1. Taking 0.36 nm per residue of sequence separation and subtracting the Cα-Cα distance, how much length would be gained by fully extending the chain between residue 16 and residue 59, in nm to one decimal?
2. For the chain, calculate the relative contact order in percent as a whole number, restricting contacts to Cα pairs under 8 Å that are 6 or more residues apart.
3. What ranking of 71, 17 emerges when the number of other C-beta atoms within 10 Å of each C-beta is taken as an exposure proxy, fewest first?
4. Write down the Å³ per residue value for the convex hull defined by the alpha carbon atoms of the chain.
Amino acid sequence: NDDRRAFIAVDLGLHIVPSAYTLRHARGYGRSALRNWLFQMSMDGVSWSTLVAHVDEQALQEPGSTATWRVR
């Protein structure tokens, strides 16, 4: 069951602007992999800026597969 409001936040403890990020699809098959999400950053945890928007992303297909995306 998809929850359109689900999110995960990672506090790196310092202010950086990433050049890329990698995700790993760990379980299930294609239908349970991420397809739509926003990769965002925040300086204060309140205001967020979208760095990458994914719509119908197909890079994660098999259990255990990884994909890397550049951040522009």
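1. 12.9 nm
2. Working: 93 pairs, mean separation 27.8, N = 72.
Dividing the mean separation by the residue count of the chain yields 39 percent.
3. Numbers: 71 12, 17 7.
Result, fewest neighbours first: 17, 71.
4. It is 104 Å³ per residue.
Laboratory data are not the source of any read-out in this text; all were calculated from the coordinates shown. This is a predicted model, so every value here is computed, not measured. Note that we place each Cβ from the backbone using ideal geometry, even for glycine, and neighbour counts take in every protein chain shown.
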